[in-house]
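Take a look at the structure set out below.
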Amino acid sequence: MPKIEFFLRRTGVFGSLGAAMAILMFLALFEVTLSNWRGDTTIWVQPLATLVNCLCWLAYGLGKQDWFVVTPQLFGIVLAVATLVAAV
């Protein structure tokens, strides 16, 4: 079992990797956004849930001053709002 020091010394690496993966996850909303803009569908539940989730994590990240949490949440909020606007 790895010692905790291994993870503590590499928080920047794990934080960057986690932030990058969160941004990639939010990019998956882009396909829904395009479908909404084309009028193929009006999916609004997924982007609404994403928006609420991102706002909660943004508040947490700001409270902890953890920019690895804050940065991808801002990206997710922008995409979620764009997707919701396209669904209306």
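The values are calculated or read from the model by the stated rules, or taken from the named source; none is laboratory data. For clarity, every value in this text was computed on a predicted model and none was experimentally measured. Neighbour counts are summed over all protein chains in view; Cβ atoms, including those assigned to glycine, are modelled from backbone coordinates with ideal geometry.
One residue alone among Leu17, Leu29 is out of contact with any Gly (no Cβ under 6 Å at 6 or more places or on another chain) and in contact (Cβ under 8 Å) with a residue 12 or more places away in the chain, and that residue is Leu29.
Every residue, every condition in (1) within 21 Å of Leu34 (Cβ to Cβ); (2) modelled with pLDDT of 90 or more; (3) in a helix (DSSP H, G or I); (4) among the aliphatic types (A, V, I, L, M), yes or no:
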| site | (1), (2), (3), (4) |
| --- | --- |
| Ala49 | yes, yes, yes, yes |
| Cys56 | no, yes, yes, no |
| Ala59 | no, yes, yes, yes |
| Val70 | no, yes, yes, yes |
| Gly76 | yes, yes, yes, no |
| Leu79 | yes, yes, yes, yes |
| Val85 | yes, yes, yes, yes |
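Using the structure shown, decide if Ala49 is without any contact (Cβ under 8 Å) to a residue 24 or more places away in the chain, closer than 15 Å to Phe26 by Cα and surrounded by fewer than 14 Cβ atoms within 10 Å (Cβ to Cβ). Don't jump to the end; show me each part of the working.
Details: without any contact (Cβ under 8 Å) to a residue 24 or more places away in the chain: yes; closer than 15 Å to Phe26 by Cα: yes; surrounded by fewer than 14 Cβ atoms within 10 Å (Cβ to Cβ): yes.
Answer is yes for this residue.
Out of the residues in the stretch 1-24 that are of a type in the set (A, V, I, L, M) and surrounded by fewer than 13 Cβ atoms within 10 Å (Cβ to Cβ), state the one that is modelled with the lowest pLDDT.
From the stretch 1-24, those of a type in the set (A, V, I, L, M) are 1, 4, 8, 13, 17, 19-24; that's our starting set.
Filter once more, so that each one left must be surrounded by fewer than 13 Cβ atoms within 10 Å (Cβ to Cβ): 1, 4, 8, 13, 17, 21, 24.
Working: Met1: 55, Ile4: 74, Leu8: 69, Val13: 83, Leu17: 87, Met21: 90, Leu24: 89.
Result: Met1.
Among the residues making up the stretch 52-77, those that are surrounded by 14 or more Cβ atoms within 10 Å (Cβ to Cβ) and among the β-branched types (Val, Ile, Thr) are Val69, Val70, Thr71, Ile77.
In the stretch 35-45, the residue that is surrounded by the most Cβ atoms within 10 Å (Cβ to Cβ) out of those that are without any contact (Cβ under 8 Å) to a residue 24 or more places away in the chain and assigned to a helix (DSSP H, G or I) is Ser35. Across the stretch 78-88, the qualifying residues are those that are under 26 Å from Phe14 (Cβ atoms) and in contact (Cβ under 8 Å) with a residue 24 or more places away in the chain, and the one among them that is surrounded by the most Cβ atoms within 10 Å (Cβ to Cβ) is Ala80.
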